[in-house]
Amino acid sequence: MLIGSHVSMAGGLLGAAREAAGYGADTFMIYTGAPQNTVRKPVDRLKIPEGLAFMAENGLSDIVVHAPYIINLASPKPDTFHLAVSFLRKEIERTRAVGSGYLVLHPGSFTDRDAEFGLNRIIEGLNAALTDDEPPIICLETMAGKGSELGRTFAELWAIINGAERGGRLGVCFDTCHAHDAGYDVAGDFDGVMAEFDAVVGLERLKVFHLNGSLNPRGARKDRHANLGAGPDNPKGTDKLGKEAVWRAARSRYAEGRPLILETPWPTADRNYYKEEIAYLRGDDPAARIDTVSD
Ligand code: FE
Ligand code: FE
Ligand code: ZN
């Protein structure tokens, strides 16, 4: 398995890798700066050589970068669209600089227009931002369909991949919370969901998994992550997807060789459950308790 979580880049790549090692991870995901804005440190201040050396010594590999939410390639506003294209270009360079092959991107939201407008705009933006250089693969994330978000259906993801001039540089990041919120039966029929993905997009495009529970019932289109198997005692709320569903996804043949990234909530400001959730997913018992009380 290649399993890990989102970790902080506050201490550069070295700090991120140390945090991941502390959770017993094999991989990790970072934002190169704050997820909500475009303020970025120059790459020579990201402790990249030290981070890569630490990763090699500690068996960490196949790391993932997540682009900031502020990139909206579907925006009808020229300023927002152009910022998205130019920032995506720079983010591709930073992803390459940290040695990552995967840049996860939310496809975009069409705001006051419609899906057709948004999909065409995303294709136009990707055509402008991508060159033939590889890596990274741009992994379009499966979205919950909150508001005017695109990428809720596999058909929308395929429309983007198929429409882009450099579709060969595009892949998909499958988020278990988002797909469940979008209406896919991740809990009841994961094989069926993957078969549908294969038919519409193709499993060879599947590059990364985000493993999360969901606070909402299937089809709610909300996008609120839950800790795996969280009950009513969890301050963030009860998991409506179920830890067994995420365990089955993580242990499935579809997950083999692909980075699996937890983005579960921190129940309190100073406490996450990444270490416990990783240990649970590595274990052979889907009914095992996730130890979320001891420290
Ligand atoms: Fe995301
Ligand atoms: Fe995600
Ligand atoms: Zn989400």
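The values are calculated or read from the model by the stated rules, or taken from the named source; none is laboratory data. These numbers were taken from a predicted model, which means no experiment stands behind them. Because the Cβ atoms are built from the backbone with ideal geometry, glycine has one as well, and the counts that use them run over all protein chains shown. We work out accessible area using only protein heavy atoms, side chains counted, and drop any ligands, DNA or RNA first. Shrake-Rupley method; radii C 1.70, N 1.55, O 1.52, S 1.80 Å.
Cβ separations smaller than 9 Å between residues 6+ apart or across chains give the following pairs from the range 29-58 residues that are within 18 Å of Ser86 (Cβ to Cβ) and assigned to a loop (DSSP other than H, G, I, E, B) to residues that are open to solvent by 80 Å² or more (accessible area, probe 1.4 Å) and hydrophobic (A, V, I, L, M, F, W, C): Gly33/Val39. Candidates Thr153, Thr131, Thr142: the one that is within 12 Å of ligand 1 (Cβ to nearest atom) and among the β-branched types (Val, Ile, Thr) is Thr142. Cβ-Cβ distances below 7 Å connect the following pairs, each with a first residue in the range 211-223 that is at positive phi, a second residue that is open to solvent by 70 Å² or more (accessible area, probe 1.4 Å) and within 14 Å of ligand 1 (Cβ to nearest atom), and a separation of six or more residues or different chains: Arg221/Lys146; Asp223/Lys146.
Inspection of the range 274-293 finds no residue satisfying the criterion of being within 16 Å of ligand 1 (Cβ to nearest atom), open to solvent by less than 50 Å² (accessible area, probe 1.4 Å), within 17 Å of the chain's Cα centre (by Cα) and in contact (Cβ under 8 Å) with a residue 24 or more places away in the chain. The combined condition, being modelled with pLDDT of 95 or more, on the phi < 0 side of the Ramachandran plot, surrounded by fewer than 23 Cβ atoms within 10 Å (Cβ to Cβ) and within 16 Å of ligand 1 (Cβ to nearest atom), is not fulfilled by Glu165.
Conditions (1) surrounded by fewer than 19 Cβ atoms within 10 Å (Cβ to Cβ); (2) among the aliphatic types (A, V, I, L, M), marked per residue:
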residue	(1), (2)
Asp233	yes, no
Lys236	yes, no
Asp239	no, no
Ala245	no, yes
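Within the range 143-187, the only residue that satisfies the criterion of being away from ligand 2 (no atom under 16 Å from the Cβ), β-branched (Val, Ile, Thr) and closer than 23 Å to Arg248 by Cβ is Thr153.
Contact map, the range 103-117: residues that are within 16 Å of ligand 1 (Cβ to nearest atom) paired with residues that are of a type in the set (S, T, N, Q), Cβ distance under 7 Å, separation 6+ or inter-chain. Pairs shown: Leu103/Thr95; Gly108/Asn72; Gly108/Ser75; Ser109/Asn72; Ser109/Ser148. Output yes when any residue across the range 45-56 is modelled with pLDDT of 95 or more and in contact with a Ser or Thr (Cβ under 7 Å, 6 or more places away or on another chain), and no when none is. Looking through the range 45-56, at least one residue is modelled with pLDDT of 95 or more and in contact with a Ser or Thr (Cβ under 7 Å, 6 or more places away or on another chain). It is to be established whether one or more residues within the range 80-87 are more than 16 Å from ligand 3 (Cβ to nearest atom), assigned to a loop (DSSP other than H, G, I, E, B) and open to solvent by less than 40 Å² (accessible area, probe 1.4 Å). No: zero hits.
Restricted to the range 141-154, and to residues that are away from ligand 3 (no atom under 14 Å from the Cβ) and under 16 Å from Arg121 (Cα atoms), which residue is farthest from the chain's Cα centre (by Cα)?
Only one residue fits best here, namely Ser148.
Just checking: which of the helices (runs of 4 or more DSSP H) contained wholly in the range 116-213 hold 2 or more residues that are under 15 Å from His106 (Cα atoms)?
Numbers: elements: 154-163, 176-182, 190-200.
Where helices (runs of 4 or more DSSP H) fall fully within the range 116-213 and carry at least 2 residues being under 15 Å from His106 (Cα atoms), they are 154-163, 176-182.
On inspection, Ile137 passes the criterion of being crowded, with 20+ Cβ neighbours inside 10 Å, modelled with pLDDT of 95 or more, within 16 Å of ligand 1 (Cβ to nearest atom) and not charged (D, E, K, R). For the range 17-54, the set of residues classified as aliphatic (A, V, I, L, M), within 16 Å of Arg96 (Cα to Cα) and open to solvent by less than 30 Å² (accessible area, probe 1.4 Å) consists of Met29, Ile30, Leu46, Ile48, listed by residue number.
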